[in-house]
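We did not get these values from a lab; they are worked out from the coordinates using the rules stated. Predicted model, so just to flag it, every value in this text is computed and none were measured. For neighbour counting, all protein chains shown are included, and Cβ atoms are generated from backbone atoms with ideal geometry for every residue, glycine included.
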Amino acid sequence: MKCIFINEELHGRDLNELLLFVGKISDKMSFARYYNGKLNQDEFNKMQLEYKSVILEKDKEKRVIYKENINGYKDRIDAFCAAKMSVEEYFNRQLEQEIQMCNSLDYENFKNGKYEHYKGSSTDFLYLKHTRNTPVTSGPVFEMCFFMIGNTYNNLLSNMKKLFEYPYKIEGSEFEDLTFYKGERSVLAICSHEHFALMDLEENEYKEFKKLRIPFELD
């Protein structure tokens, strides 16, 4: 798997070729928006449990990266912790802070939310989910709306003017952070406000992507 980082704005031919490329290998796409609308207790609890699972998994990954000193991570953490705290204490504190932030979200904020869920009428609309973890960011509550590669994708090809577009107008609602998927794998995830995009490509997909001559870095 090749992890690709793009931070240059794309327009015109480059943007169109990128969208055509990911459209061919993807089976669905999503948009996200900040959400402070209504959730029932079950929806809220499910969202919180999923976010805690993500926090624990990321903590586990960081400890493995430290142990294996990937990209000099162990050296940087050791230098930071020197004469301050043990490395174990450093990771434990970070984990505790993340869990506290997760638990600080109050269901009362969503019991009587300001607006209802997105109600898609497009024939390619699949489903929505409420989450605190998207392919490009985490923490706040987001509503993610998923679509098949169909009419909404075709509208993107016709109307999208730049890679870091904001907002995307979908049936009168405003969204950001367009993401394409192949199964559960994120093929292309765009962070609209922070102006970066991430791609996870199989080796054969990577070879085809390089032919587009789009500027990128291996992450």
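Summary of computed values
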| quantity | calculated |
| --- | --- |
| Residues 176, 171, 184 arranged by fewest to most Cβ contacts within 10 Å | 184, 171, 176 |
| Partners for residue 58 among lysines (Cα-Cα distance below 19 Å; same-chain residues under 8 apart left out) | 46, 67, 74 |
| Theoretical ellipticity at 222 nm over the chain - DSSP helices of four or more residues, -39500 (n - 2.57) apiece, nearest 500 | -13000 deg cm²/dmol |
| Structure-derived mean projected area of the Cα convex hull in nm² - corresponding label in (i) 13.6; (ii) 15.2; (iii) 12.6 | (i) |
| Computed E for residue 76/residue 5 - FRET, C-beta separation, R0 25 angstrom, nearest 0.05 | 0.85 |
| Cross-link partners of residue 119 among lysines (Cα-Cα below 18 Å; sequence separation of 8 or more within a chain) | 28, 38, 129, 169 |
| Rounded to the nearest 20 debye, dipole of the chain from Cβ charges on Lys, Arg, Asp, Glu | 180 debye |
| Within the stretch 8-36, backbone nitrogen closer than 11 Å to the virtual label 7 Å beyond the Cα of residue 173 toward Cβ | 31-36 |
| Largest-first ellipsoid semi-axes for the stretch 111-219, taking √(5λ) over the Cα gyration tensor eigenvalues, angstrom | 26, 17, 14 |
| Trypsin sites (Lys or Arg not before Pro) restricted to DSSP loop in the stretch 64-134 with at most 14 other C-beta within 10 Å | 84, 114, 119 |
| For the stretch 41-110, alpha-carbon Rg over 2.2 N^0.38 Å | 1.38 |
| Linear extension gain, residue 160 paired with residue 108, 0.36 nm per residue minus alpha-carbon span | 15.0 nm |
| Hz values of 3J(HN,Hα) by residue in the stretch 20-36 - Karplus curve (6.51, -1.76, 1.60), Gly and Pro given as x | 5, 4, 6, x, 6, 9, 9, 10, 7, 8, 9, 10, 10, 8, 4, 10, 9 |
| Residue-by-residue Karplus 3J(HN,Hα) for the stretch 189-195, coefficients 6.51, -1.76, 1.60, Hz, glycine and proline x | 10, 10, 9, 4, 7, 8, 6 |
| When the convex hull of its Cα atoms is projected in every direction, mean area for the stretch 171-219 (nm²) | 4.8 nm² |
| Sorted by Cβ density within 10 Å, fewest first, the residues 30, 122, 53 | 53, 122, 30 |
| Proximal aspartates and glutamates to residue 2, defined as alpha-carbon separation beneath 17 angstrom and excluding residues fewer than eight positions away on the same chain | 184, 200, 202, 203, 205, 208, 217, 219 |
